[in-house]
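Notes follow once the structure below has been shown.
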Amino acid sequence: MKIELAENYGFCFGVKRAIKIAEENRDSATYGPLIHNSKEIARLDNDFNVKLSENISDFSAGDKAVVRTHGITKGELAHLHENQVDVIDATCPYVTKPQQICEEMSEKGYDIVIFGDEKHPEIKGVKSYATHGAHVVTDVSELASLSLKEHIALVAQTTRKVEDYLAVANYLIPRYKEVRVFNTICNATFENQDAARSLAAKADVMIVIGGKNSSNTKQLHSIAQ
């Protein structure tokens with residue numbers, strides 16, 4: 001039996017960055033799971049006393065709150081600052097990008113369409129930055145039922161499959177006066193998905209190792225099938 005690893009795998013830049021930030025802030029707590037990897041969260045707790053808190057009310061003035069790599073909502077961030085919590089932002093820069101785009105384009109009057117999972121913390125955060133609201137879709141089939149303006153800004157969850165995002169863009173472009181499509185899928189997602197696709201084409205069995213609640217893992221599993 002031959003075991004072959006994908007050409008690209010492992011923690012992405014954003015996850016490595018968040019872990020480093022957490023390690024540099026001992027005796028703190030993350031608001032929500034820092035990443036979708038329970039073993040790493042347990043290691044940070046055991047080795048660095050970085051706790052996990054799911055409730056924003058757990059943080060008081062002077063406490064250190066590490067913002068998860070998926071980001072939090074604009075309102076939650078404001079709440080922490082208003083209560084004088086020491087906020088350490090470990091939000092992945094690739095997640096900050098669609099947050100900024102949604103805020104800017106919404107202020108300019110564009111309808112915001114987000115391709116992603118509305119229940120995922122990343123998308124909850126991104127959507128909160130759209131000043132005048134946003135539409136979230138998980139599949140191109142959901143677009144026909146939306147009532148959209150003639151000017152649209154489109155962003156994607158950082159871990160979505162590229163071909164699915166292109167399908168959404170291709171549906172919108174011929175139907176509306178202006179569609180601004182922003183590439184918000186992160187580089188590591190491109191590389192890992194291409195590597196999984198290449199390996200799946202020649203492997204008899206594929207094993208994807210990752211958190212079951214991770215969007216990235218789910219996308220790789222879908223590609224490997």
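The values are calculated or read from the model by the stated rules, or taken from the named source; none is laboratory data. All values derive from a computational prediction rather than experimental measurement. A quick note on method: Cβ atoms are made from the backbone with ideal geometry, for glycine too, and the neighbour counts reach across all protein chains shown.
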Seminar exercise, completed: The correct count of residues that are farther than 24 Å from ALA167 by Cα and touching a residue at least 40 places away in the same chain (Cβ under 8 Å) in the stretch 93-107 is 1
For this session: Scan the stretch 122-138 and give yes if some residue there is touching a strand residue (DSSP E or B) at 6+ places or on another chain (Cβ under 7 Å), closer than 17 Å to SER214 by Cα and either charged (D, E, K, R) or in the same structural domain as LYS74 (by TED's automatic domain parsing) (or both), otherwise no.
Result: no
Seminar exercise, completed: Only one of (1) closer than 30 Å to ALA195 by Cα; (2) more than 18 Å from the chain's Cα centre (by Cα); (3) not acidic (Asp, Glu) does not apply to SER53, and that is (1)
Exercise. Of all residues in the stretch 169-196 being within 18 Å of the chain's Cα centre (by Cα) and in a helix (DSSP H, G or I), which is modelled with the lowest pLDDT?
Worked result: PHE190
Exercise. What number of residues within the stretch 177-196 are more than 17 Å from GLN100 (Cβ to Cβ) and surrounded by 15 or more Cβ atoms within 10 Å (Cβ to Cβ)?
Worked result: 9
